[in-house]
Structure formats: C-alpha cells, structure tokens
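See structure below.
The values are calculated or read from the model by the stated rules, or taken from the named source; none is laboratory data. These figures come from a predicted structure and were not determined experimentally. Don't worry about glycine lacking a Cβ; one is built from the backbone with ideal geometry, like all the others, and counts go over all protein chains shown. Surface accessibility is based on the protein's heavy atoms, side chains included, excluding ligands, DNA and RNA. Shrake-Rupley method; radii C 1.70, N 1.55, O 1.52, S 1.80 Å.
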Amino acid sequence: MAVIPLFGMVASAQEPGSSPTTQFDAQAATKAYLARPTAREKARSDSYFEGGYWLQLWQFLAGVGVSLLLLQTRLSARMRDLSCRLVRFKPLQTFIYAVQYIVLTSIIVFPLSVYSDFVREHQYGLATQNFAGWMGDWFKGLLVGVIIGSVIMMALFGVVRRLSRTWHIWGAIVVIGFLVALSVLSPVFIAPLFNKYTALDKPEVVDPILRLAHANGIHTDKVYQFDASRQSKRVSANVSGFLGTMRISLNDNLLNRSSLAEIKAVMGHEMGHYVLNHVYKALLFTGIIIVGGFAFLHWALQFLLGRFGARWGISGVGDLAIVPVAALLLSAFMFLLTPVTNSFTRMQEAEADIFGLNASREPDGFAEAALKLGEYRKMQPGPLEEWIFFDHPSGATRIRTAMQWKAENLETNSGAR
C-alpha cells in the first residue's frame, strides 16, 4: 500500500509513485486519506451533516407554519389594512407591509435560527463567535433583508397591478434582474458588512495565487483575505462578482490552517468557477427555475384564492395580504426541487475540481483540503444520499478524483506530492 507523505516532510524524501517506473495505486492512496480521520471525528462530522437533513425539513415546515399562521388568523390582512391606513401611495403601502412581514416572520422563527446558526454550531465546535457578536450579525442580516426584500416586493406588486394577465412572466424577469444586480453588488457592498476584507500582503502566498490567476486568464493584481475566524473555524475561498466587481478572496482560516499546496488547490478550484463561466450558467439555470416557479405560482394562486381567499381576507393577486400564500407555494416548490438544484451545483463543483487540479497541479493539497472540509461534511455518503442532499461532491469522491488525477499525471506533474 502506498503511503501518503504529510506536508512539511523534507523534499528529498522518496515518494511513492514519484518515478515513472513506480506504480502509483490511486485506490490505496484514497483509502489512506480516508483512514486519517479518527472514528470519533468521523462520527461527529456524520452526525452534524446528517442532522442538517432534518434541519432543512424543520426549517421548511417552520416556514409553512408561519405562512399558515398569518393567513388563518388574518394577521396578514390586518398588516395590509394598517399599511393602507398609514399612506395612500401604493408603493409605500407595499414597503410598509414588507417591513412588517419580514420583521415579524424573522422574529417568529428566531428561536430556530438561534439553534441552527448559533447553538448547534457551538455544539459541534465549528463556531468561534459569542452570542452578542452573533446577534450583531443577525440584526445586520435582518436590515439587509428588509431593504432588499422591500424593494423587490415593491417592484413585483407594481408589475402585478399594471400587468394583471402576464404578471407571472414579467415578475420572473424582475426577480432575475434583481438576482443579477445582487451578484454584481454583493462582493462590494454586502459581504463587507459581515467581514472585513483587506488586501493580502504575504508575497509567498499572493504571488503563486496571482501566477495561477494570470495563467488562466484572470486579470487581477490583488488577493483579498477576510476575517471569517471571528465567526467560524471553516476554511473557505471564492472568486466572486462579475461585470467589473470580480475579486479573489480567501478566509483567514484557510490562510492560517493550510499549506501553500492546499491554498493553491483551493484557489485553483475557485478560479475554475470563474473561467468556466459558472456564474453565468448558474444565473441561467436559476432563471429557468424562477420562470418555472412563477408559472407554478400563477396556477396555484388562482386555485387557492378560489377556495380560501375569502377566509384569508384576500381579494386577489394584487392584494398585499397574499404574500404568505406566495411564500408558502414558492418554498414548497423549491423544497421539492432540492435534488435538482443540488445536482446542478454539484456538477459545477465537480467541474471546478477538475479545473483546479489541472491548474494548480496539487492533488495532495486538494485531498488535504477535502479532509478539512470533512470536519463538517459527511465524507462517505451513499449514492442516493449524495444525489439528494449534497450540493458538492463528497469528500471521498473528491479525494478519489485527486488521486486518480495524480496517477494519470505522475510523469508530468513534478509538484504532485
């Protein structure tokens, strides 16, 4: 069985498969990596990730419950009435209703948010933030949600009022437009609200990343780091934005916990998303989902309003009180499509994995990074489990891919260690 040397060993050490005459066993190397986590570490990671399956279900059911509460008690209708009493200008009525709706629903599900995003993260040793810091970020997220949600709601109800027959077509176009705008603006205006982004000033890290970027047609002269360690122990990086807002960023956990080989492998993967135009492809895919969702909404709203509209105090599609109905329908639509959306994302991640391996030529760095991600992602799921719940290839799949790449590239890959 081949032995995988650890990073930090002297360069002169003889490595299995380093000579063309030596047969490198990719399967044995994969098994060696997968044997690295202890039974306790594996059990904790599996428990955390599998618990996430149930958490998704409970979050969906909580959303359904909130919508039904607002409808059955006619609280949504009373919120609409209050908005109409306060102002006559319909866009402002929509704004006032949106603020009430977003704040109220956020407060109702707040206990679940505390458990899922704070308590549970600390239970599994993944969070570093105290409750005051977490609450600060929660309030900032609520404020961002109120601003963005209110603007989108105002635009959508404006479409419904003016284009009553084709609102579902134009509504989908409006949402897609907002999605594009957020993709452009988020790296510059939203992400810095939650973390501090600074230009990385470590030539030994920056120079190899920039060489990797320039070699793959990414024109940038800076690499940014952000202080994710104030919130979490997770390693992460991204190449975000487009249309002039593109930036290469890595979090300080990746910088402090990883070798240069790991960083290059991860950044090669992230650059793959950019070079392979995954942002545009994801926008197109999401656009198709949005169009389908609005078509479903158009049909389902007519059916539900015909049966329950009077009971809920809703007069028609242009009535502000209809928001909980639309939220319930769209959340159910997206929940049922989870395997489809996960599969699309997982396909893009797998493509970026291959690109990153070819670009960085660091298969062992890639495998080491996969082990770090395995601290909170189940490493070896079953095929059906991976298809339904995983939006990234599993750790076992990624390590297997890296070792197979190494086996196929030993003669030309002097950096494979």
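Inspect all residues belonging to segment 262-274 and state whether any of them is charged (D, E, K, R), open to solvent by 40 Å² or more (accessible area, probe 1.4 Å), assigned to a helix (DSSP H, G or I) and over 22 Å from G374 (Cβ atoms).
No: segment 262-274 contains no residue that is charged (D, E, K, R), open to solvent by 40 Å² or more (accessible area, probe 1.4 Å), assigned to a helix (DSSP H, G or I) and over 22 Å from G374 (Cβ atoms).
Out of the residues in segment 169-195 meeting the condition of being under 16 Å from V317 (Cα atoms) and in contact (Cβ under 8 Å) with a residue 60 or more places away in the chain, tell me which one is most open to solvent (accessible area, probe 1.4 Å).
Ranking the candidates gives I169 first.
Which is open to solvent by 40 Å² or more (accessible area, probe 1.4 Å) and either within 24 Å of the chain's Cα centre (by Cα) or among the polar types (S, T, N, Q) (or both), of A237, A199, A228, A213?
A199
Could you grab me the full set of residues in segment 45-79 that are open to solvent by 30 Å² or more (accessible area, probe 1.4 Å), assigned to a helix (DSSP H, G or I) and out of contact with any helix residue (DSSP H, G or I) (no Cβ under 9 Å at 6 or more places or on another chain)?
Answer for segment 45-79, where residues must be open to solvent by 30 Å² or more (accessible area, probe 1.4 Å), assigned to a helix (DSSP H, G or I) and out of contact with any helix residue (DSSP H, G or I) (no Cβ under 9 Å at 6 or more places or on another chain): S47, W54, L61.
Looking at this structure, is L283 among the hydrophobic types (A, V, I, L, M, F, W, C), in a helix (DSSP H, G or I), open to solvent by 10 Å² or more (accessible area, probe 1.4 Å) and at pLDDT below 95?
yes
With respect to the numbered conditions (1) in contact with a helix residue (DSSP H, G or I) (Cβ under 7 Å, 6 or more places away or on another chain); (2) on the phi > 0 side of the Ramachandran plot; (3) not hydrophobic (A, V, I, L, M, F, W, C), which one is the sole condition not fulfilled by R361?
(1)
Suppose we filter I354, I322 for residues that are at pLDDT 95 or above and within 30 Å of R162 (Cβ to Cβ); which single one remains?
I322
Could you list, in sequence order, all residues of segment 149-168 that are open to solvent by 50 Å² or more (accessible area, probe 1.4 Å) and in a helix (DSSP H, G or I)?
V151, M154, R161, R162
Can you report the number of residues in segment 347-391 which are under 22 Å from R234 (Cα atoms) and either open to solvent by less than 40 Å² (accessible area, probe 1.4 Å) or of a type in the set (A, V, I, L, M) (or both)?
Counting residues in segment 347-391 that are under 22 Å from R234 (Cα atoms) and either open to solvent by less than 40 Å² (accessible area, probe 1.4 Å) or of a type in the set (A, V, I, L, M) (or both) gives 27.
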